[in-house]
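Here the structure comes first, spelled out in structure tokens, and everything after it is commentary.
The values are calculated or read from the model by the stated rules, or taken from the named source; none is laboratory data. Values in this document were obtained by computation on a predicted structure and should not be read as measured data. Cβ placement follows ideal geometry from the backbone for every residue including glycine, while neighbour counts extend to all protein chains displayed. SASA here: full protein model, heavy atoms, side chains in, ligands and nucleic acids out. Shrake-Rupley method; radii C 1.70, N 1.55, O 1.52, S 1.80 Å.
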Amino acid sequence: MNSIPIIAIDGTSSSGKGTIAYKLAEYLGLNYLNSGALFRLAGHLAVVSGIDIHDHSDENMNKIVDLLLKENLDLEFIGKKVIHNGVDIWPILSSEDAGVVANTISFYPPLRDAINDFQRKRVSAPGLVDEGRDVGTTVFPNANVKIYLDASVEARAKRRLVDEQKRGSGKTYEILCAELAKRDEVDKAHKVGALKVADDALYIDTSDLTIEQVLEKCINHCKEKGIVKS
Ligand code: DC
């Protein structure tokens with residue numbers, strides 16, 4: 001176990017990870033990190049630089065890794081904001097389209113290595129709540145607490161639909177179901193850093209639970225593991 005507490009929250013897209021990880025960090029008084037935002041940022045940088053995210057040759061994919069590293073990853077996570085070079089880019093990165101782009105490039109091991117390094121360097125007192133796909137299995141296998149959040153594709157699509165309608169993206173419930181199912185498939189098939197439940201993780205199906213109910217389960221699990229409000 002670590003002297004600085006680490007709480008790893010993994011799970012499927014739109015399972016509630018983001019909201020729960022952020023609220024848990026706030027409740028416990030710990031720092032919060034959203035590793036998906038790093039994959040989303042890499043994808044966003046690639047797209048705006050005109051790099052073809054469907055060309056998965058090493059030569060092309062390394063351009064994306066270089067782009068991300070050149071940024072020196074000047075990123076701050078303040079509440080739900082992701083401040084990149086002084087500007088909150090979460091409104092851009094949080095769209096379903098940005099998630100699909102991130103998903104397309106996230107298989108690439110050198111990109112995963114760069115993002116994993118970034119996460120490990122972010123560990124500092126009083127501790128970290130880090131959310132993603134492989135935080136508890138690959139990035140921090142010794143995390144003090146591991147939680148895996150899941151929900152049916154239908155429940156997740158309904159949640160995403162609310163966000164996408166606010167954006168006016170025109171995505172329907174059916175399109176979102178198909179995109180989420182595809183993302184799960186890709187996330188679970190990675191050769192490294194695949195989405196899977198760690199042996200020692202608490203598994204929670206959030207389909208029929210409110211945010212408050214999920215949060216309560218997470219807080220109780222943290223207590224059982226000796227992590228309490230600081
Ligand atoms: O958690 P999210 O929806 O913001 O993640 C977007 C994509 O990034 C997801 O489909 C796969 C990838 N990702 C990953 O491979 N590993 C992580 N730790 C976090 C995200």
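Across the chain, the relative contact order, built from alpha-carbon pairs under 8 Å that are at least six residues apart, equals 35 percent.
Note that region 20-37 has calculated 3J(HN,Hα) couplings of 5, 4, 5, 5, 5, 4, 5, 4, 7, x, 10, 6, 10, 9, 10, 5, x, 4 Hz, one per residue in order, obtained from phi through the Karplus relation 6.51 cos²θ - 1.76 cosθ + 1.60 (θ = phi - 60°); glycine and proline are x.
Relative to the Cα centre, what is the charge dipole magnitude of the chain, using +1 at the beta carbon of each Lys and Arg, -1 at the beta carbon of each Asp and Glu, and rounding to the nearest 20 debye? The partial results should precede the final answer.
Numbers: 29 positive and 34 negative charges, 103 e Å.
Using only the charged Cβ atoms, the result is roughly 500 debye.
Normalised by residue number, the volume inside the convex hull of the Cα atoms of the chain is 118 Å³ per residue. Using only Cα coordinates, the Kirkwood hydrodynamic radius of region 114-186 works out to 14.6 Å.
Rounded to a whole number, what % of the accessible area of region 51-130 do carbon and sulfur atoms account for, probe 1.4 Å? Walk me through the numbers on the way to the answer.
Details: 2060 of 3840 Å².
Of the solvent-accessible surface of region 51-130, carbon and sulfur hold 54 percent.
A Gaussian network model of the chain, with springs between Cα atoms under 10 Å, assigns the largest mean-square fluctuation among K146, K70, K182 to K70. For region 24-64, a Kirkwood radius taken over Cα pairs fed into Stokes-Einstein (37 °C, viscosity 0.692 mPa s) yields D = 272 µm²/s.
Over the Cα atoms of region 1-70, compute the convex hull volume and normalise it per residue, giving Å³. Working shown, then result.
Numbers: hull volume 10.2 nm³, N = 70.
Hull volume normalised by residue count: 146 Å³.
Placing pseudo-labels 7 Å out from each Cα toward the beta carbon at K158 and K63 gives an inter-label distance of 4.3 nm. The amide H of L202, built 1.01 Å from its N in the peptide plane, has K146, I147, Y148 as neighbours under 5 Å, considering only residues 5 or more places off or on other chains.
Averaged per residue, what accessible surface does the chain expose to a 1.4 Å probe, in Å²?
Working: 10770 Å² over 230 residues.
In whole numbers, the chain has 47 Å² accessible per residue.
For region 45-164, rounded, prolate or oblate, judged on the Cα gyration tensor with a ≥ b ≥ c (square roots of eigenvalues), a/c < 1.5 rounded, else prolate if a/b > b/c? Since a/c stays below 1.5, the shape of region 45-164 is classed as rounded.
Listed by chain and number, the lysines whose alpha-carbon sits under 27 Å from that of K23, ignoring those within fewer than 8 places in the same chain, are K80, K81, K121, K146, K158, K166, K188, K196, K217, K223, K225, K229. As a fraction of the 1.4 Å probe accessible area of region 181-230, surface on carbon and sulfur atoms comes out at 51 percent.
The antiparallel fraction among DSSP beta bridges confined to the chain stands at about 25%. Sequentially through region 185-191, phi angles give Karplus couplings (6.51, -1.76, 1.60; θ = phi - 60°) of 4, 5, 4, 7, 9, 3, 6 Hz, Gly and Pro residues having no value and appearing as x.
Taking each pair of different alpha-carbon atoms in region 155-205 once, compute 1/r for the pair, average those values, and report the inverse of that mean as the Kirkwood hydrodynamic radius in Å to one decimal.
Working: mean 1/r = 0.0788 Å⁻¹.
Mean inverse Cα-Cα distance, inverted, gives 12.7 Å.
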